[in-house]
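Readers should treat all values here as calculations from the given coordinates under stated rules, not as data from a laboratory. Because the structure is a prediction, the values reported are computed rather than measured. Note that we place each Cβ from the backbone using ideal geometry, even for glycine, and neighbour counts take in every protein chain shown.
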Amino acid sequence: MKTTPFTDKHIALGAKMHDFAGYNMPIEYSGIIDEHLAVCHAVGVFDVSHMGEFWVKGPHALPFLQKVTSNDVAALVPGKAQYTCFPNETGGIVDDLLVYYFEPQKYLLVVNAANIEKDWSWCVSHNTENAELENSSERMAQLAVQGPKAILALQKLTDIKLSAIPYYSFKVGELAGVKNVILSNTGYTGAGGFELYFYPEYADKIWNAVFEAGNEFGIKPVGLGARDTLRLEMGYCLYGNDLDDTTSPMEAGLGWITKFIEGKNFTNRAMLEKQKTNGVTRKLVCFQLIDRGIPRQGYEIVNEVGEVIGKVTSGTMSPIMKFGIGMGYVNTAYSKVKSELYISVRGRRLKAVVVRPPFRKL
């Protein structure tokens with residue numbers, strides 16, 4: 001398995017380690033619920049150095065990105081980030097990702113760890129514009145410092161005014177004495193905080209400084225288990241569960257990042273535009289259980305007479321709400337908020353209702 005610059009620290013801290021996307025990653029330290037609550041109420045730190053980073057540069061960078069991504073990259077200004085996806089040629093999604101706009105002719109793409117090789121091959125094979133592409137995934141480390149106290153801890157380490165960085169914006173500067181750190185007000189938890197990108201050789205220095213700064217706020221290391229429950233409470237999609245090569249942006253509720261503007265001829269635009277006009281036969285919904293139980297990925301979703309109408313793609317017991325929550329694709333007729341569903345769990349049918357995300361409302 002591959003390692004990150006923090007792997008030895010995770011092991012020394014007693015983390016439960018497991019293979020994730022080919023990396024030896026921490027699943028939990030003190031327990032998923034404990035770590036989840038730490039992020040919601042204080043501050044937690046995730047090692048997300050396994051994520052992929054591609055630079056796109058040169059005079060052909062923007063035309064290339066407008067072709068391979070669904071969102072309107074031309075709408076970005078320097079210092080802003082954008083959520084988007086790579087549509088494939090058959091109506092599905094190659095990956096969902098972030099685009100960071102640094103300066104004219106310079107962008108950074110942050111892609112999912114499990115898809116680095118696939119995404120890189122996709123970008124290279126579709127680069128008919130001859131943009132300058134650079135895979136820096138092995139030369140960049142990343143920590144996500146998340147939670148309502150994250151900004152208080154990190155502000156001790158930098159002269160950059162973090163409260164002045166809007167959501168989905170970023171700055172490049174010094175943190176903990178390390179220059180050229182990217183401080184990004186994004187995140188995958190819904191609890192606020194920043195993602196830090198830096199060269200791997202500074203990993204120890206930044207890790208130690210962040211934990212020292214956050215000590216008074218009860219800072220904790222957090223594993224991928226709580227990362228999953230946190231994103232699910234917000235109704236955020238996870239590639240490989242809720243998105244894949246067969247799910248279209250229209251089915252997944254990602255029409256808002258799919259821009260059919262004049263001059264943007266992205267991959268498979270015609271088919272996706274037709275779906276927007278004519279509708280789709282299934283939609284991704286968020287649901288909460290009325291009956292006691294835990295929905296799991298792969299469980300069938302049925303209607304009141306037991307007919308299969310869909311399948312659970314993500315599910316858990318919400319650590320904050322204390323009831324079962326999940327996401328899944330269902331026949332469009334059952335996709336409206338307040339629609340009643342049933343989750344088939346080992347021969348039992350557990351009643352559920354479609355809700356509007358997020359589940360967590362602190």
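By count of other Cβ within 10 Å, fewest leading, how are 89, 35 ordered?
By the 10 Å Cβ count, ascending, the order reads 89, 35.
If I model a spin label at residue 180 and residue 291 as a point 7 Å from the Cα along the Cα→Cβ vector, what separation in nanometres do I get?
5.8 nm
Could you work out the local net charge near residue 282, counting Lys and Arg as +1, Asp and Glu as -1, over the other residues with Cβ closer than 13 Å to its Cβ?
0
Label points 7 Å out from Cα along the Cβ direction at residue 281 and residue 16: separation in nm?
4.0 nm
Search the structure for amide H atoms under 5 Å from the amide H of residue 60, placed 1.01 Å from N in the peptide plane, and list their residues when 5 or more places away or on another chain.
Residues meeting the criterion, in which the H sits 1.01 Å from N, are 132.
FRET efficiency for residue 117 and residue 349, Cβ-Cβ distance as r, R0 = 56 Å, nearest 0.05?
Efficiency computed from Cβ-Cβ geometry: 0.85.
Quote to one decimal, in nm, the extra length available between residue 201 and residue 127 on full extension: 0.36 nm per residue of separation minus the C-alpha distance between them.
That pair, residue 201 and residue 127, stretches by 23.5 nm at full extension.
Taking the stretch 269-340, which GluC sites (Glu not before Pro) meet the DSSP loop condition and have no more than 15 other C-beta atoms within 10 Å?
304, 307
Extension gain residue 163-residue 322, at 0.36 nm per residue separation less the Cα-Cα distance, in nm?
That pair, residue 163 and residue 322, stretches by 54.0 nm at full extension.
If I take all pairs of Cα atoms in the stretch 2-150, what percentage of them are more than 25 Å from each other?
Within the stretch 2-150, distances greater than 25 Å cover 38 percent of Cα pairs.
Considering amide H positions built from the backbone, and no H for Pro or chain starts, which residues 5 or more places from residue 345, or on another chain, come under 5 Å of its amide H?
HN-HN under 5 Å from residue 345: 350.
What is the P(r) of the chain, as percent of Cα-Cα pairs per 20 Å bin from 0?
Using 20 Å bins, I get a P(r) of 29, 58, 13, 0 for the chain.
Treating each Cα of the stretch 52-123 as an identical point scatterer and ignoring solvent, apply the Debye formula and state log10 I(q)/I(0) at q = 0.22 Å⁻¹.
-0.94
State the extension gain, in nm to one decimal, for the chain segment bounded by residue 270 and residue 75, taking 0.36 nm per residue of separation less the distance between their alpha-carbons.
Between residue 270 and residue 75, full extension yields 68.1 nm more.
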